[in-house]
1. Just for the stretch 119-157: of the residues that are touching a strand residue (DSSP E or B) at 6+ places or on another chain (Cβ under 6 Å) and over 25 Å from residue 271 (Cβ atoms), which one is surrounded by the fewest Cβ atoms within 10 Å (Cβ to Cβ)?
2. Just give me the residues in the stretch 298-320 being in a loop (DSSP other than H, G, I, E, B) and in contact with a helix residue (DSSP H, G or I) (Cβ under 9 Å, 6 or more places away or on another chain), in sequence order.
3. Within the stretch 169-187, work out how many residues are in a helix (DSSP H, G or I) and within 23 Å of residue 99 (Cβ to Cβ).
4. Does the stretch 156-165 contain at least one residue that is under 21 Å from residue 234 (Cβ atoms), touching a helix residue (DSSP H, G or I) at 6+ places or on another chain (Cβ under 6 Å) and outside any helix (DSSP H, G or I)?
5. Just wondering, is there one or more residues in the stretch 8-18 that are over 26 Å from residue 281 (Cβ atoms) and surrounded by fewer than 18 Cβ atoms within 10 Å (Cβ to Cβ)?
6. Quick check, is residue 184 surrounded by 14 or more Cβ atoms within 10 Å (Cβ to Cβ) and over 20 Å from residue 249 (Cβ atoms)?
7. Please indicate, with yes or no, whether at least one residue in the stretch 204-217 is under 20 Å from residue 116 (Cβ atoms) and touching a helix residue (DSSP H, G or I) at 6+ places or on another chain (Cβ under 9 Å).
């Protein structure tokens with residue numbers, strides 16, 4: 001194998017970490033979205049440091065030598081276009097990096113609603129001292145849709161706090177190490193009513209798109225809270241908005257949306273029973289160095305002819321166990 005592969009790095013607004021090390025290991029071409037077609041010609045590897053850029057499919061005809069794409073993100077739904085899926089190009093992601101931050105975000109969202117921190121913040125701004133009762137988390141029931149590494153880390157953290165955690169996966173099964181029971185995705189509406197919290201942490205695939213639709217929302221407890229840290233398109237946003245406005249759902253913590261940034265005209269901004277965060281549940285102070293180190297380790301494995309870590313099953317749209 002060529003000891004100096006051609007590595008195209010699609011950079012973005014966030015600082016590009018580990019560039020000096022990469023330049024020792026490869027012929028590096030750093031580009032933006034506009035220059036991607038030219039930078040892809042003759043490249044062996046594409047490193048999508050700017051995962052949110054949209055130009056990969058547009059630039060695909062120029063990928064005449066490409067063998068590997070690495071995405072420093074958990075979800076790879078933006079790359080599941082037919083030309084890539086049907087190609088021999090290997091796709092890897094950043095599985096594992098975001099697990100703990102996202103699990104902590106889910107726990108924080110639950111505490112926000114259980115302890116009514118929104119009311120506390122409002123009273124503080126108004127300089128009001130008014131006592132109110134709060135709910136316990138211990139003993140509450142949670143359904144985590146998505147039983148991959150993010151869902152499992154979330155389940156372990158919530159279990160440690162005293163919640164009862166079940167999962168929703170492709171198939172139903174029992175005896176799991178992290179979940180009490182795993183329900184089949186097809187049974188979402190049938191089981192959703194048994195839980196106080198529903199967490200969406202699944203990858204976005206054709207099977208999961210719109211998984212939280214009107215039937216599931218209608219089945220959920222009116223006291224339940226939805227938390228979405230997966231992808232906005234996992235939920236029917238219009239139906240969710242209606243449920244929150246009508247009071248048939250107690251609240252929602254939404255980190256992801258069908259359109260991002262969330263448009264200013266969205267009614268979700270003004271709902272007191274909604275906590276909005278700007279797609280940051282996986283972010284942490286250590287994220288960028290960890291992402292850079294993960295890719296550097298995988299590049300070393302690739303150059304040595306060893307198996308790559310976190311290879312995505314392109315037919316499924318995620319790293320299969």
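The values are calculated or read from the model by the stated rules, or taken from the named source; none is laboratory data. Note that the structure is predicted; figures quoted are calculated from it, not measured. Methodologically, a virtual Cβ is constructed for each residue, glycine included, from the backbone with ideal geometry; neighbour enumeration extends over all protein chains shown.
1. So the first thing to find is which residues in the stretch 119-157 are touching a strand residue (DSSP E or B) at 6+ places or on another chain (Cβ under 6 Å), and the list is 141-145, 147, 151, 154-155.
From what is left, the residues that are over 25 Å from residue 271 (Cβ atoms) are 147, 151, 155.
Working: 147: 25, 151: 29, 155: 27.
Looking at residues that are touching a strand residue (DSSP E or B) at 6+ places or on another chain (Cβ under 6 Å) and over 25 Å from residue 271 (Cβ atoms), I get 147.
2. The first filter runs over the stretch 298-320 and keeps only residues in a loop (DSSP other than H, G, I, E, B), leaving 304-310, 312, 314-317, 319-320.
Answer for the stretch 298-320, where residues must be in a loop (DSSP other than H, G, I, E, B) and in contact with a helix residue (DSSP H, G or I) (Cβ under 9 Å, 6 or more places away or on another chain): 306, 307, 308, 309, 310, 312, 314, 315, 317, 319.
3. Here the count works out to 1.
4. yes
5. Our first condition is that a residue be over 26 Å from residue 281 (Cβ atoms); within the stretch 8-18, this holds for 8.
From what's left, surrounded by fewer than 18 Cβ atoms within 10 Å (Cβ to Cβ): none.
No, that holds for no residue.
6. Yes; evaluated as a whole, the condition is true for this residue.
7. Step one: list which residues in the stretch 204-217 are under 20 Å from residue 116 (Cβ atoms), which gives none.
The answer is no, given that none of the residues of the stretch 204-217 is under 20 Å from residue 116 (Cβ atoms) and touching a helix residue (DSSP H, G or I) at 6+ places or on another chain (Cβ under 9 Å).
This table checks each residue for (1) buried (at least 19 other Cβ atoms within 10 Å of the Cβ); (2) in the same structural domain as residue 81 (by TED's automatic domain parsing); (3) under 25 Å from the mean Cα position of the chain (by Cα).
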{"residue": "20", "(1), (2), (3)": "no, yes, no"}
{"residue": "27", "(1), (2), (3)": "no, yes, no"}
{"residue": "34", "(1), (2), (3)": "no, yes, no"}
{"residue": "40", "(1), (2), (3)": "yes, yes, no"}
{"residue": "49", "(1), (2), (3)": "yes, yes, yes"}
{"residue": "58", "(1), (2), (3)": "no, yes, yes"}
